[in-house]
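Undergrad: Dropping the structure in here first, questions after.
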Amino acid sequence: MSRLRLLALLGCVSVLSALIIPAEAQVLRQRLIERIKAKSAATPPPDAGKLVPGGTQRSASYGASPDQTMEIYLPPHPDHAPIIVMVHGGGWRIGDKNMAGVVENKVKHWLPKGYIFVSIDYRMLPEAGVDVQARDVASGVAYVQKHVSEWGGDGGKLILMGHSAGAHLVALLSADPSRVRAAGGHDWSGTVVLDSAAYDVASVMNRKHPQLYDDAFGTDPAYWASLSPAQHIAPDAVPMILVCALKRPDDSCGQSRDFAARLKAAGHAAQVVPENLKHGEVNSELGLPGEYTDKVDGFMSAHLGR
């Protein structure tokens with residue numbers, strides 16, 4: 001019974017007291033008071049988390065906007081646990097941290113392995129341009145690194161992951177980690193890029209492309225360059241695995257190979273994993289038993305030292 005309902009019943013008892021033998025009314029009233037107190041004591045504070053299969057889930061905010069939030073999935077009794085930070089897609093305009101395909105199979109797979117899984121939101125078009133979105137994700141990563149020890153995690157063992165537009169954002173931050181450091185964070189272990197087709201934004205904008213790219217990147221070549229992972233490969237770029245969908249019509253695998261070649265030429269670790277999947281399936285099927293998940297697991301384990 002909800003606390004609100006109990007309070008309503010308590011009010012009814014007060015009204016009916018005049019119609020009931022006083023001693024009986026007092027006993028009933030006391031029992032209801034005790035039930036309210038017990039209910040309140042059993043209700044955890046908002047940040048204590050709620051039970052989910054395989055662990056608990058809690059929420060946190062890393063900024064003032066309602067979109068600067070994250071969901072944190074914790075395994076039982078985490079102790080220096082590694083962390084996965086997931087950035088959803090949606091064409092830089094739609095989507096959220098809880099939408100289908102973002103969390104389900106990943107949490108089912110990695111929580112039992114002792115990982116903490118974090119899914120973050122960020123401000124989107126038209127409120128926030130892609131440059132602001134990149135800063136939001138950087139701030140989210142920095143927040144996790146700062147607070148993860150409070151959740152039983154190890155801030156030195158973090159894997160960044162993103163799909164679609166989120167894949168572009170994590171590739172951008174991983175090519176040049178200074179964006180995360182500027183937000184107060186530090187370097188991380190590796191990045192899983194799930195089917196981006198915007199590694200070289202200028203190349204995309206100078207050929208036939210969907211309207212969503214115009215909405216995201218506009219008409220200024222300088223803005224394109226500022227948001228192109230391929231043009232911001234720093235000496236301390238993070239190791240990346242680039243998963244691409246063979247069933248996607250705009251050749252994200254070719255773009256992944258080109259970006260990986262640039263990373264390798266700069267002396268960085270980069271692995272391309274073509275999968276016979278559609279764009280959305282690259283996201284939703286990660287975590288299911290099979291060779292695809294095994295490859296991502298292998299990359300993560302190698303760079304986490306597990």
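Undergrad: Of all residues in segment 117-130, which are more than 11 Å from the chain's Cα centre (by Cα) and either in a strand (DSSP E or B) or surrounded by fewer than 20 Cβ atoms within 10 Å (Cβ to Cβ) (or both)? Outline the logic, then answer.
TA: From segment 117-130, those more than 11 Å from the chain's Cα centre (by Cα) are 123-130; that's our starting set.
Those that are more than 11 Å from the chain's Cα centre (by Cα) and either in a strand (DSSP E or B) or surrounded by fewer than 20 Cβ atoms within 10 Å (Cβ to Cβ) (or both): ARG123, LEU125, PRO126, GLU127, ALA128, GLY129.
For (1) among the β-branched types (Val, Ile, Thr); (2) surrounded by fewer than 22 Cβ atoms within 10 Å (Cβ to Cβ); (3) at pLDDT 95 or above, each residue gets a yes or a no:
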residue	(1), (2), (3)
SER65	no, yes, yes
VAL85	yes, no, yes
ASP96	no, yes, yes
GLN133	no, no, yes
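Undergrad: Sticking with this structure for a sec: Quick check on this structure: which one of ALA167, ALA138, ALA175 is surrounded by 23 or more Cβ atoms within 10 Å (Cβ to Cβ) and out of contact with any helix residue (DSSP H, G or I) (no Cβ under 8 Å at 6 or more places or on another chain)?
TA: On the way: ALA138 fails: out of contact with any helix residue (DSSP H, G or I) (no Cβ under 8 Å at 6 or more places or on another chain); ALA175 fails: out of contact with any helix residue (DSSP H, G or I) (no Cβ under 8 Å at 6 or more places or on another chain).
Result of the check over ALA167, ALA138, ALA175: ALA167.
Undergrad: Taking segment 205-227 as the search range and keeping residues that are small (Gly, Ala, Ser) and closer than 30 Å to HIS186 by Cα, which one is most open to solvent (accessible area, probe 1.4 Å)? Full working, then the answer.
TA: Going residue by residue through segment 205-227, those that are small (Gly, Ala, Ser) are 216, 218, 222, 225-226.
Checking the rest, the ones that are also closer than 30 Å to HIS186 by Cα come to 216, 222, 225-226.
Working: ALA216: 6, ALA222: 67, ALA225: 30, SER226: 43 Å².
It comes out as ALA222.
Undergrad: Regarding ASN105, is this residue out of contact with any Gly (no Cβ under 6 Å at 6 or more places or on another chain), among the polar types (S, T, N, Q), at pLDDT 95 or above and open to solvent by 20 Å² or more (accessible area, probe 1.4 Å)? Break it down stepwise before answering.
TA: Values: out of contact with any Gly (no Cβ under 6 Å at 6 or more places or on another chain): no; among the polar types (S, T, N, Q): yes; at pLDDT 95 or above: yes; open to solvent by 20 Å² or more (accessible area, probe 1.4 Å): yes.
Spelling it out, it is not the case that ASN105 is out of contact with any Gly (no Cβ under 6 Å at 6 or more places or on another chain), among the polar types (S, T, N, Q), at pLDDT 95 or above and open to solvent by 20 Å² or more (accessible area, probe 1.4 Å).
Undergrad: Which pairs turn up if I take residues in segment 71-100 that are in contact (Cβ under 8 Å) with a residue 24 or more places away in the chain and farther than 16 Å from GLY287 by Cβ and look for partners that are open to solvent by 20 Å² or more (accessible area, probe 1.4 Å) and among the β-branched types (Val, Ile, Thr) with beta carbon separation below 6 Å, at least 6 apart in sequence or on another chain?
TA: Sorted first by the residue in segment 71-100, then by its partner, the pairs are LEU74/THR56.
Undergrad: List the number of the failed condition for ALA230; all other conditions in (1) in contact with a Lys or Arg (Cβ under 7 Å, 6 or more places away or on another chain); (2) surrounded by fewer than 16 Cβ atoms within 10 Å (Cβ to Cβ); (3) assigned to a helix (DSSP H, G or I) hold.
TA: (2)
Undergrad: Would you check which residues across segment 233-262 are open to solvent by 70 Å² or more (accessible area, probe 1.4 Å) and in a loop (DSSP other than H, G, I, E, B) and list them? Before you say what the answer is, go through the steps one by one.
TA: Of all residues in segment 233-262, those open to solvent by 70 Å² or more (accessible area, probe 1.4 Å) come to 235, 246-247, 249, 251, 257-258, 262.
Within segment 233-262, PRO235, LEU246, LYS247, PRO249, ASP251 qualify.
Undergrad: Sort out which residues of segment 263-306 are surrounded by 19 or more Cβ atoms within 10 Å (Cβ to Cβ), assigned to a helix (DSSP H, G or I) and more than 22 Å from the chain's Cα centre (by Cα), and write them in order of number.
TA: Result: LEU263, single match.
Undergrad: I would also like to ask the following. Taking segment 178-203 on its own, how many of its residues are surrounded by fewer than 16 Cβ atoms within 10 Å (Cβ to Cβ) and part of a loop (DSSP other than H, G, I, E, B)?
TA: Selection size over segment 178-203: 3.
Undergrad: While we're on this one: Here is a list: ASP154, ASP214. Which entry is modelled with pLDDT of 95 or more, assigned to a strand (DSSP E or B) and farther than 24 Å from GLY267 by Cβ? Walk me through how you get there before you give the answer.
TA: On the way: ASP214 fails: assigned to a strand (DSSP E or B).
ASP154 is the lone residue from the list that is modelled with pLDDT of 95 or more, assigned to a strand (DSSP E or B) and farther than 24 Å from GLY267 by Cβ.
Undergrad: State the number of residues belonging to segment 248-285 that are within 13 Å of SER164 (Cβ to Cβ), touching a helix residue (DSSP H, G or I) at 6+ places or on another chain (Cβ under 7 Å) and not polar (S, T, N, Q).
TA: Going through segment 248-285 one residue at a time, the tally reaches 1.
The values are calculated or read from the model by the stated rules, or taken from the named source; none is laboratory data. A quick note: this is a predicted structure, and the numbers were derived from the prediction, not measured. Neighbour counts are summed over all protein chains in view; Cβ atoms, including those assigned to glycine, are modelled from backbone coordinates with ideal geometry. The protein model used for the area step is the full one, side chains on, heavy atoms only, and it has no ligands, DNA or RNA in it. Shrake-Rupley method; radii C 1.70, N 1.55, O 1.52, S 1.80 Å.
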